[in-house]
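**Q** Once you've had a glance at the structure underneath, I'll fire off some questions.
The values are calculated or read from the model by the stated rules, or taken from the named source; none is laboratory data. These numbers were taken from a predicted model, which means no experiment stands behind them. In this analysis, Cβ positions are derived from the backbone assuming ideal geometry, glycine residues included, and neighbour counts consider all displayed protein chains.
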Amino acid sequence: MSQAAGNTGAVSRSLLSVFARLPAIGVERLGILASLFFSIACNYLFFSAALANRDWSHPASWLFAGAIFIAITALQSAGLFVVLNRWSAKPVLTVLFIVTAAATYYMNKYTVFFNTEMVRNILRTDVKEASELFSLNFCIHMFMYAALPILLVWKLRLKTIPLRRAIPVRLAYIVGAIVIAAGSILLVFQDFSSLMRNQKEVRFLIMPSNYLFSLTRVVAADTAQANVPKISISDDAKLGAAWGQRAKPMLFVLVVGETTRAANWGLNGYARQTTPELSKLDVVNFPHASSCGTNTEVSVPCMFSTYGRRNYDETKIRAHESLLHIIDHAGLKTIWRDNQAGCKGVCDGLEEQRLDSSKNAALCDGERCFDEILLDNMDGEIHKAQNGNLFVVLHMLGNHGPSYFRRYPAAMRSFTPTCDTSDLSKCSQQEIVNAYDNGVLYTDHFLAKTISYLKTQTTYDTAMLYLSDHGESLGEHGIYLHGLPYSIAPKEQTEIPMVMWLSQGFASSFGVDKDCLSKRSRNPVSQDNLFHSILGMLQIESKHYDKSMDLSAGCRA
Ligand SMILES: [Zn+2]
């Protein structure tokens, strides 16, 4: 045995002997210790947000810091007192340490707020997305914040006391903890209430209550909605009278992008030409477009709903049918083609094709596919439709991070050097932006290719509309990725590119004046306009159509 291995052996033996001499501990004390661990080791982001911009020469600041520290520790202890007992304590804490450590890692790294939207987004994340987040630093973090505390907990002996005595003792601890928490808050109530007024979202930084609370809400909502059919909004939908005079069937392609932000969009005047191909085409660009949410789980259902951001209600949006159901009911065939994580309920009951695990060697690496896979065998779909009308949604992988470098083929690697790892902290901001911009170049290429494909479909009147689901932070104000609560999200996460292309046949047969549309495109628009603009342009009649939200309304004959 080598010297080093011998030393390690001795160290671990002495560690074990320390553990062996640990006194037996009551479950309540264990709960308090665990809660202290969470407050001290896992809540850096919460405390730095809650205590930002304070004058530390003022005793009141120290009092406030102490009070919220005690309140949070006491409240989380109270929660632990409810769930921990001599049988459940070790397994429950094991799970809590693992999940909290992983969550803390990403929270600190990317400033993640664990509200219900974020938790839902994480639950719908596929294995492929999750695996891109692993790194050596993550493993070290997990060892320190999960493996070590778990080892310690399993080495502890728990005191056992008879149930008769245990119950009143436990109740006393719970009441005591709540009284201490309430007392501390009362002590600094004015300060505390102004924090809750001005920075309400900081509560979603409190580990581990944030994700436990949000997870409970998501599970409750999903259970309530499971297997409940969607509430119809489509029963009165029908094609307008103008459809009677159409010479050709219609082929409309709606491209829903991913994580592409307005600031890096060449057509919007970005310093770099990231849209060289689209800029040569006759497209209508909307430079001031905004998203409904800051993540896919919010934005995708929202943009296809009647509610939108202006009447945002997550439960109602999930409970009701979408724009696609109206289009389908009116008699146009819809197909959702996906290279990402599915249609998020938007296409329930309608045709959905998952292409993200395709076996196309030129476009797929066995894990992920480049977005051109979405155009694979479009001819076959068109053939199947037998000259009928088609409304196709292409759901891109786009600029999905943090592995921007994996989102474009080598030929699109124009801006260098690039960040070639998912661990963004290993790269300079310029390298991150370079990789991201190459991804934008690829989106530009994909959209141009879609348009040139549509141009070959001369038996159809064709059109394309592209918009991204949300933007992305690339290190501005130290923030990365996306998913911040909408109310505090920076504009990098909510400003999106949006582009429309109409064939001559489409524009003339649907009476759309492209020049008029180009003029209107300079005004601010949002994902809320999608629902009504599609219904308006396609001349579908529905009681849910709102002319004031239809971008084409003033531009149609
Ligand atoms: Zn997204």
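**Q** Name the single residue, out of those in the stretch 318-330 being surrounded by fewer than 22 Cβ atoms within 10 Å (Cβ to Cβ) and modelled with pLDDT of 95 or more, that is farthest from ARG124 (Cα to Cα).
**A** HIS329
**Q** Please pick out the residue among VAL228, VAL253 that is within 27 Å of GLY293 (Cα to Cα), out of contact with any Pro (no Cβ under 6 Å at 6 or more places or on another chain) and not in a strand (DSSP E or B).
**A** Answer to the selection: VAL228.
**Q** Which one of these does VAL393 not meet: (1) away from the ligand (no atom under 16 Å from the Cβ); (2) among the aliphatic types (A, V, I, L, M); (3) not in a helix (DSSP H, G or I)?
**A** Of the numbered conditions (1) away from the ligand (no atom under 16 Å from the Cβ); (2) among the aliphatic types (A, V, I, L, M); (3) not in a helix (DSSP H, G or I), the odd one out for VAL393 is (1).
**Q** Can you name the helices (runs of 4 or more DSSP H) wholly within the stretch 419-509 that have at least 2 residues being modelled with pLDDT under 95 and farther than 29 Å from GLY244 by Cα?
**A** Fully inside the stretch 419-509 and qualifying: nothing.
**Q** What number of residues in the stretch 492-540 are of a type in the set (D, E, K, R) and touching a residue at least 40 places away in the same chain (Cβ under 8 Å)?
**A** Of the residues in that region, 6 qualify.
**Q** Which one of the conditions (1) surrounded by fewer than 24 Cβ atoms within 10 Å (Cβ to Cβ); (2) touching a Gly at 6+ places or on another chain (Cβ under 6 Å) does THR450 fail to meet, given that it meets all the rest?
**A** Every condition holds for THR450 apart from (2).
**Q** Let me ask another. Within the stretch 510-529, track down each residue that is part of a strand (DSSP E or B) and farther than 20 Å from LYS455 by Cα.
**A** VAL525, SER526
Residue-wise test of (1) surrounded by fewer than 12 Cβ atoms within 10 Å (Cβ to Cβ); (2) outside any loop (DSSP other than H, G, I, E, B); (3) among the hydrophobic types (A, V, I, L, M, F, W, C).
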{"position": "ILE180", "(1), (2), (3)": "no, yes, yes"}
{"position": "ASN210", "(1), (2), (3)": "no, yes, no"}
{"position": "ALA224", "(1), (2), (3)": "yes, yes, yes"}
{"position": "SER234", "(1), (2), (3)": "no, no, no"}
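**Q** Still on this structure: With more than 27 Å from the chain's Cα centre (by Cα), farther than 23 Å from SER322 by Cβ and surrounded by fewer than 16 Cβ atoms within 10 Å (Cβ to Cβ) as the only criterion, which of SER521, SER508, SER503, SER487 stands out?
**A** SER508
**Q** Let me ask something else. For a quick check of your reading of the model, give me the residue pairs whose first member lies in the stretch 461-479 and is buried (at least 23 other Cβ atoms within 10 Å of the Cβ), whose second is charged (D, E, K, R) and part of a strand (DSSP E or B), with beta-carbon atoms closer than 6 Å and at least 6 apart or on different chains.
**A** Pairs found: GLY471/GLU495.
**Q** Continuing with the same structure: Report the residue count in the stretch 288-319 for those that are farther than 20 Å from ASP546 by Cα and away from the ligand (no atom under 15 Å from the Cβ).
**A** Here the count works out to 5.
**Q** Being farther than 24 Å from MET549 by Cβ, within 16 Å of the ligand (Cβ to nearest atom) and part of a helix (DSSP H, G or I) is the filter here, so list the residues in the stretch 256-273 that pass it.
**A** Answer for the stretch 256-273, where residues must be farther than 24 Å from MET549 by Cβ, within 16 Å of the ligand (Cβ to nearest atom) and part of a helix (DSSP H, G or I): just ASN264.
**Q** Step by step: first the residues of the stretch 338-365, then only those that are among the small types (Gly, Ala, Ser) and farther than 19 Å from SER234 by Cα, then the one that is farthest from the ligand (Cβ to nearest atom). Which residue is that?
**A** So the residue we want is ALA361.
**Q** Are any residues in the stretch 126-159 among the hydroxyl-bearing types (Ser, Thr, Tyr) and within 20 Å of LEU205 (Cβ to Cβ), and if so, which ones?
**A** TYR145, the sole residue that qualifies.
**Q** Check off (1) under 23 Å from SER135 (Cβ atoms); (2) away from the ligand (no atom under 16 Å from the Cβ) for SER414 and give me the number that stays unchecked.
**A** (1)
**Q** Further, regarding this structure: Looking only at the stretch 342-363, decide whether some residue is among the acidic types (Asp, Glu), touching a Phe, Trp or Tyr at 6+ places or on another chain (Cβ under 6 Å) and surrounded by fewer than 21 Cβ atoms within 10 Å (Cβ to Cβ).
**A** Scanning the stretch 342-363 turns up at least one residue that is among the acidic types (Asp, Glu), touching a Phe, Trp or Tyr at 6+ places or on another chain (Cβ under 6 Å) and surrounded by fewer than 21 Cβ atoms within 10 Å (Cβ to Cβ).
**Q** Please indicate, with yes or no, whether at least one residue in the stretch 146-159 is loosely packed, with under 12 Cβ neighbours inside 10 Å and either in contact (Cβ under 8 Å) with a residue 12 or more places away in the chain or within 15 Å of ALA41 (Cα to Cα) (or both).
**A** Yes: one or more hits.
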